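Here's the structure, in structure tokens; my notes come after.
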Amino acid sequence: MPSKMRKNDTTREEWATMVGRVFNVMPRNGNDKGTVWLERRMQQKFNSFLRLAGVHICVDGPTGSGKSSLAVTELNRAGIKYAMVQITNHTTWEEFCRSLVTIPERFETSGSAQLEAGTIAGIPMGRFRVSLGFRDRQSRGGEREKMSYGWTEQDVCKQMVKDDTILFLDDFEKANEEIVVRVADMCKLLTQTHIGRNAKLVVVGTGNIHSRILGADRSLRERLEEVGVGVFRSPGESWRFLQLGFVKLRLRHPEMESFIALEEKQECRRAVNEAADGLPKMLNKLGHQISLKGYQRNRISPSDIIGSAEGMLQDNFQSLHSDFPQLMELAQSDPIVKAVLHKLYELGIGEIHSWSKVVHPLRGKFGEDETEYAIRKLVNGGFITDMRPVGDTLFVNDVGLFHALCIVSENPARFGEKEEKYASMGQLPLPLGLDNGANGAC
């Protein structure tokens, strides 16, 4: 902690801007000194695939687990140019290509193209800057469509090789089948026909994006690697993440204060884990809310942390409780589904799990086929992703939903609910205890 505290000469708006930069729920570049970043264990795996020629990368995992941030951070650390396309539910191939083109203010006929770097919401990215004829700024509106009209997968791949550029596709779970097939074709082309040192695809999304691409072209099995990104593994990591942010803002926090009792510090850690359960996006939201209370105080108190965490819990309940009934009905109607859920909670509801760790402990009691059928019910309901047959992992799609259900089931009255409504769920094990990593102050 710096010896000099932050001066009390910032306005409330300036302070909110500073807090928003440190605790930013948008994808961030972990190399930026203005933001908070905690190293993830899967970064090394991503980086090894990034350096491997002819291999494309799928980054998947639960919503809010920091998939895009991890990819952005490693791409920037490697110093590799990339063009980003954010997929929506309505993205067509024509829109996909159009989003890769940027139009210069004014250019002469040259037939040339290059990558133009820029930033959107603080995320470094690029577009292919294409020059096909003389234009002025009045005609820019329709030129992007004209320049990208008729592009094929071959055209995009050629441009990637020419510019030595990675194509970064975000929110790929929203891609329609045409986009999936064309992306699979590009993966094949970039390993056989158009080959460049950094010309590869990084595909990020929630759900079974890896299987969808392989389903379009099975020959990609050895050319498309998966990196699963789950939540922070321990309560201590979550607590340390927040502390790092407080320090960047030069805010004193309870772990730094000798006069605050150990029990009160432990209550702060428990509240943080209860509210966010290791999800980076939720931790950033929580850190933002807590830090705003430190304006002109240079410190945050236990009541700031506990109060913000409780407020987040109540907000989560209000936004998610309408999704509880479908999940609860599955568990109540099938004891094997309920057993699978309990096993996932026991192993860590927000982590990426191997199939064997989930299924093998249950198959002796229920049988492997019956257990697999129960998992299929959860998959069909959109609650979990099963990577088989192309992988061997399972993960829940919405950690926040499962986490909120667990907290509410533990104490329904806390949320104005009746206990008997949740009694059939049993005691869902959520590891909110403290580990060794929680004890070190930043």
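The values are calculated or read from the model by the stated rules, or taken from the named source; none is laboratory data. Note that the structure is a prediction, hence the values are computed from the model and not measured. Neighbour counts are summed over all protein chains in view; Cβ atoms, including those assigned to glycine, are modelled from backbone coordinates with ideal geometry.
Could we say that Ser356 is surrounded by fewer than 20 Cβ atoms within 10 Å (Cβ to Cβ), free of Cβ contacts under 8 Å to residues at least 12 places away in the same chain and in a helix (DSSP H, G or I) here? When the stated conditions are applied, Ser356 does not pass them.
Taking the listed residues Val161, Val181, the one that is surrounded by fewer than 20 Cβ atoms within 10 Å (Cβ to Cβ), assigned by TED's automatic domain parsing to the domain that holds Ser65 and either aromatic (Phe, Trp, Tyr) or modelled with pLDDT of 95 or more (or both) is Val181, with no other qualifying.
Looking at the range 239-264, which of its residues are out of contact with any strand residue (DSSP E or B) (no Cβ under 9 Å at 6 or more places or on another chain) and aliphatic (A, V, I, L, M)? The answer is Leu242, Leu244, Val247, Leu249, Ile260, Ala261, Leu262.
Have a look at Gln326, Gln314 and point out the one that is closer than 29 Å to Glu237 by Cα, in a helix (DSSP H, G or I) and within 26 Å of the chain's Cα centre (by Cα).
Of the residues listed, the single one that is closer than 29 Å to Glu237 by Cα, in a helix (DSSP H, G or I) and within 26 Å of the chain's Cα centre (by Cα) is Gln314.
Residues in the range 6-35 that are among the hydrophobic types (A, V, I, L, M, F, W, C), assigned to a loop (DSSP other than H, G, I, E, B) and at pLDDT 90 or above: Phe23 alone. Residues in the range 223-275 that are without any contact (Cβ under 8 Å) to a residue 40 or more places away in the chain and of a type in the set (Gly, Ala, Ser) were compared, and the one that is nearest to Leu405 (Cα to Cα) is Ala271.
Scan the range 285-303 and give yes if some residue there is of a type in the set (Ser, Thr, Tyr), modelled with pLDDT of 95 or more and under 17 Å from Ile407 (Cβ atoms), otherwise no.
no
Ala53 falls short of the stated requirement of being within 19 Å of Lys200 (Cα to Cα), surrounded by 14 or more Cβ atoms within 10 Å (Cβ to Cβ), touching a helix residue (DSSP H, G or I) at 6+ places or on another chain (Cβ under 9 Å) and not acidic (Asp, Glu). Does Lys357 meet the test of being basic (Lys, Arg) and within 28 Å of Gly215 (Cβ to Cβ)? Yes. The sole residue among Gly207, Gly245, Gly294, Gly287 that is under 19 Å from the mean Cα position of the chain (by Cα) and assigned to a loop (DSSP other than H, G, I, E, B) is Gly207. Of the residues making up the range 41-79, those that are out of contact with any Asp or Glu (no Cβ under 7 Å at 6 or more places or on another chain), of a type in the set (A, V, I, L, M) and at pLDDT 90 or above are Met42, Leu52, Val59, Leu70, Ala71, Val72, Leu75, Ala78. For the criterion of being under 21 Å from Phe415 (Cβ atoms) and not in a loop (DSSP other than H, G, I, E, B), His321 passes.
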